[in-house]
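Working notes, beginning with the structure itself.
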Amino acid sequence: MDYITKDLQPFEVFQYFEELCQIPHGSGNVKEISDYCVQFAKTHHLKYKQDESYNVIIWKPATKGYEDKQTIILQGHLDMVAVKTADCNKDMKTEGLDLVVEGDYLYAKNTSLGADDGIAVAYSLAILASDSIEHPALEVIFTVDEEIGMLGATAIDLSDIKGRVMLNIDSEEEGYLLAGCAGGATVKCKLKKEYSDFTGIHFDITICGAAGGHSGVEIDKQRANTNVLMGRLLDVLISRFEMKIKSICGGEKDNAIATFSTAQLAALERDRQKIEAVIESELKAYQNEYAVTDPQLNIKVEWKENAKSSCMTDVCGEKIVLLLNMLPNGVVKMSNDIKGLVQTSLNLGTIKDNEDCIELCYLIRSALESEKNYLIRKLTLLTEYIDDICLIENQYPAWEFIRESPLREKMETLYEKIYGKKAIVQTIHAGLECGIIADKLQGLDCISFGPDIQYIHTTREKLSISSTKRVWEYLIALLKEF
């Protein structure tokens, strides 16, 4: 294989990362990358286990002199958020990524990179393959489908795991040691579709150009959510004109802030110019409101034929507009204990036009179980009030901060020794698998860390090469400390 990353250091890490990038591994499409890890274990004569969900655990004995040290768990997830630009023809279910090295950064052309969390897998494989790195006995846990509700971590059987110290390599900012995270739940509000015939001019509206981002880490940036803006725009249009909704959809992932939203509509042809004027007026307002956070925000309109067709009834359309405008979105509450930390939030990640219903998919996050449950109830109450249904899926517990952590103290001390400055210890609003795993491994002492990765979950994602090297050196030094 002719590696694009052949001149990057540490080569052993980037070698495995590039090999991983050649394997399609978006959430829900993880068998091939799971099998790759199994084959790796076989090639290196390491004990392994692969379960029905395609989670993989690999064991490696301690190196000489570390036989009596405590077992260490290395953990990361195999799946990535697989997104691409609108003009990209790549099939991310069957094709690998096109890597590009530019200055200090590695990225993928027209797609997300999957450094979240491919870099954890690459680090771990490089350690497992090495004959020279000193370390205690290792238990390496690769989970699947983390990005769609931490399904792998929920399903995995950890009864044969002995370690109670875990290094989760699923953070995106060097110098931060994460010691807690929010719990979460996916809520799907399903609105039954009903149709009637309507004669009018058909047109599509697409709200696009939003910055997007991670719905946990970047929810406090107050960026535009195009699904929410579509509800706002439809309310203005339907309240002023005789208009019907044919279809509506938007966003790509429940854990990503929606960057596009599209509605297929029908209206009376005589209102076309007035409709255009209202859309233009609304666009100016949105661009003014989001000038700082979403400078590329735009609305595109495509006019089509005047014809008779089947559209959603007025009542059905009104329910969609009601929920899009009345259900909360974004930051709900900031923490009173930790300055600057979001405590509770929700994100309308996707709108799906299914065969029998319109589905609004929200991802709720909270550091407090009570606030998470209240927010779930809030969505359920309004949805059920209009005779539709809510489904609650993929609930996972918060990873609670523990006051006494030998691992955290060790990592802080080593960080200051190597970097000459103090690490920042914090909890985060994003979801990590640590809470689920800690619930299964009682007494687990865990820290999450990682190299600098920018714009995760987007087509602008990029990995810092120099940061990857520094964190690798820190990780290798850390394994010697136990």
Can you find, within the stretch 369-398, the residue that is surrounded by the most Cβ atoms within 10 Å (Cβ to Cβ) among those that are out of contact with any strand residue (DSSP E or B) (no Cβ under 7 Å at 6 or more places or on another chain) and outside any helix (DSSP H, G or I)? ILE386
Starting from the stretch 317-338, keep only residues that are farther than 17 Å from ILE364 by Cα, then list their pairs with residues that are of a type in the set (S, T, N, Q) whose Cβ atoms are within a distance under 9 Å, requiring at least 6 positions of separation or different chains. VAL321/SER239; ASN336/GLN343; ASP337/GLN343; ILE338/GLN426; ILE338/THR427
Only one of LEU191, LEU229 is open to solvent by less than 10 Å² (accessible area, probe 1.4 Å), in contact with a helix residue (DSSP H, G or I) (Cβ under 7 Å, 6 or more places away or on another chain) and either outside any strand (DSSP E or B) or under 28 Å from TYR123 (Cβ atoms) (or both). Can you tell me which? LEU229
Return only the number of the condition from (1) crowded, with 24+ Cβ neighbours inside 10 Å; (2) touching an Asp or Glu at 6+ places or on another chain (Cβ under 9 Å); (3) closer than 29 Å to GLY163 by Cα; (4) aliphatic (A, V, I, L, M) that ILE57 does not satisfy. (1)
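Using the structure shown, decide if ILE299 is closer than 26 Å to ASP387 by Cβ, assigned to a strand (DSSP E or B) and not acidic (Asp, Glu). Don't jump to the end; show me each part of the working.
On the way: closer than 26 Å to ASP387 by Cβ: no; assigned to a strand (DSSP E or B): yes; not acidic (Asp, Glu): yes.
In short, no.
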Filtering the stretch 198-226 down to residues that are open to solvent by less than 10 Å² (accessible area, probe 1.4 Å) and in contact with a His (Cβ under 6 Å, 6 or more places away or on another chain) yields GLY216
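The rows are residues; the columns are (1) among the hydrophobic types (A, V, I, L, M, F, W, C); (2) assigned to a loop (DSSP other than H, G, I, E, B); (3) open to solvent by 30 Å² or more (accessible area, probe 1.4 Å).
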residue	(1), (2), (3)
GLU12	no, no, yes
ASN29	no, yes, yes
GLU32	no, no, yes
PHE40	yes, no, no
TYR48	no, no, yes
GLU52	no, yes, yes
GLN75	no, no, no
ALA86	yes, yes, yes
When you scan the stretch 261-272, do you find a residue that is assigned to a helix (DSSP H, G or I) and without any contact (Cβ under 8 Å) to a residue 12 or more places away in the chain, even just one? yes
Being modelled with pLDDT of 95 or more and among the acidic types (Asp, Glu) is the filter; apply it to the stretch 134-172 and report the residue that is surrounded by the fewest Cβ atoms within 10 Å (Cβ to Cβ). ASP160
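Kindly provide the set of residues from the stretch 319-347 that are aliphatic (A, V, I, L, M), within 17 Å of CYS189 (Cβ to Cβ) and crowded, with 18+ Cβ neighbours inside 10 Å, ordered by number. Full working, then the answer.
Step one: of the stretch 319-347, the residues aliphatic (A, V, I, L, M) are 320-324, 326-327, 331-332, 334, 338, 341-342, 346.
This time we only want the ones that are within 17 Å of CYS189 (Cβ to Cβ), so: 320-324, 326-327, 332, 346.
ILE320, VAL321, LEU323, LEU324, LEU327, VAL332, LEU346, listed by residue number.
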Among the residues that make up the stretch 407-416, is at least one of them modelled with pLDDT under 95, open to solvent by 80 Å² or more (accessible area, probe 1.4 Å) and either out of contact with any helix residue (DSSP H, G or I) (no Cβ under 6 Å at 6 or more places or on another chain) or of a type outside the set (Asp, Glu) (or both)? no
When the residues of the stretch 458-471 are narrowed to those that are out of contact with any helix residue (DSSP H, G or I) (no Cβ under 7 Å at 6 or more places or on another chain) and under 20 Å from ASN110 (Cα atoms), which ends up surrounded by the fewest Cβ atoms within 10 Å (Cβ to Cβ)? ARG460
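If the requirement is being under 25 Å from PRO24 (Cα atoms), surrounded by 15 or more Cβ atoms within 10 Å (Cβ to Cβ) and among the hydroxyl-bearing types (Ser, Thr, Tyr), which of these qualifies: SER124, SER130? Write out each step before concluding.
Numbers: SER130 fails: under 25 Å from PRO24 (Cα atoms).
After ruling out the rest, the residue left standing is SER124.
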I'd like to check something: does the stretch 432-453 contain any residue that is hydroxyl-bearing (Ser, Thr, Tyr) and open to solvent by 10 Å² or more (accessible area, probe 1.4 Å)? no
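The values are calculated or read from the model by the stated rules, or taken from the named source; none is laboratory data. Quick caveat, the model's predicted, so the values are computed rather than measured. FYI the Cβ positions are ideal-geometry reconstructions off the backbone, even for glycines, and counts take in every protein chain you see. Side chains are part of the model used for accessible areas, which takes the heavy atoms of the whole protein and leaves out ligands, DNA and RNA. Shrake-Rupley method; radii C 1.70, N 1.55, O 1.52, S 1.80 Å.
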